[in-house]
């Protein structure tokens, strides 16, 4: 235990040392699209940061500080940027290389800290292969990213607090089964309702946590406002029963088997399908709160949903069950 604490303290202390730039090389299992190039300046705690992103097969992100900055500052800032890019891409990319450079440390110290950063990378940064079964890239960074958008994103993450991490862990390749992930993701629609009210005041009568507001009401409100293209067939088949199935699925993690709902809940294959659809919904909500017009990527969402709706006849069988209780 003491060895772990000592090593962790060393990692934290080394991170306070300054560097001039951070380069992160990223890759995918397949070839990333491109070419794409992007540059912008961003003010970070008194430092002017040059951001350069290039993509052609792989992706390279370079953060350069005009005034030498702590390595942990640049690494944390990279994490903020990466989570925003995940909203665009629909997945995290794999880190191939991390390189810090500057004048304060010797190359070996920079290299060792880079290795530690990769080791400390959170497990939600490995996206579930099931969610990567089709192209979920809603937006290209070179047409979307701005300093104003990045600032809005940092503030939105602060408001979301642990909610965003919970969503990311539930679409990550963590070894947790899809039925558990889906149940947890459904639960997140209550705080999502809260953040929508905080920003847009769309649902003034909904107060998650109050007896007058149920999870079913929150799910319906979010889907009706942001997810009609995603859940059109389910709503047309039997909206009330569909919503109850989602609630029943969430309730499985609230009770032991004897006290669980006896009514229909999502099966294993259905959990995979609705894990994807609910994550699409979550991304649309956050992108909308950031001021990005849904119409700019609506066609991509519809195409992705159409592909998943035809996946192994899962939706057809599910909708048949909704209409034939």
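The values are calculated or read from the model by the stated rules, or taken from the named source; none is laboratory data. If you're wondering where the values come from, they're calculated on a predicted model, not measured in any experiment. In this analysis, Cβ positions are derived from the backbone assuming ideal geometry, glycine residues included, and neighbour counts consider all displayed protein chains.
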If only one of 179, 173 is at pLDDT below 95 and in contact with a strand residue (DSSP E or B) (Cβ under 9 Å, 6 or more places away or on another chain), which one is it?
173
Residue list for the range 58-93, filter: within 29 Å of residue 283 (Cβ to Cβ), modelled with pLDDT under 95 and exposed (fewer than 15 other Cβ atoms within 10 Å of the Cβ)
none
With the requirement that a residue be touching a residue at least 60 places away in the same chain (Cβ under 8 Å) and assigned to a helix (DSSP H, G or I), what does the range 295-310 give you?
296, 298, 300, 301, 302, 304, 305, 307, 308, 309
How many residues does the range 28-49 contain that are in a strand (DSSP E or B) and buried (at least 16 other Cβ atoms within 10 Å of the Cβ)?
6
Could you please give the count of residues in the range 105-136 that are part of a loop (DSSP other than H, G, I, E, B) and modelled with pLDDT under 90?
7
Based on what the data block shows, is residue 246 in contact with a helix residue (DSSP H, G or I) (Cβ under 7 Å, 6 or more places away or on another chain), assigned by TED's automatic domain parsing to the domain that holds residue 310, at pLDDT 90 or above and closer than 16 Å to residue 316 by Cα?
no
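Of all the helices (runs of 4 or more DSSP H) wholly in the range 138-180, which have at least 3 residues that are outside the structural domain of residue 59 (by TED's automatic domain parsing) and without any contact (Cβ under 8 Å) to a residue 12 or more places away in the chain?
On the way: elements: 141-144, 147-160, 162-170.
Helices (runs of 4 or more DSSP H) meeting the threshold: 147-160.
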On the given criteria, is residue 213 over 18 Å from residue 281 (Cα atoms), free of Cβ contacts under 8 Å to residues at least 40 places away in the same chain and over 14 Å from the mean Cα position of the chain (by Cα)?
yes
Starting from the range 56-68, keep only residues that are more than 13 Å from residue 81 (Cα to Cα), then list their pairs with residues that are at pLDDT 95 or above and surrounded by fewer than 16 Cβ atoms within 10 Å (Cβ to Cβ) whose Cβ atoms are within a distance under 6 Å, requiring at least 6 positions of separation or different chains.
64/50
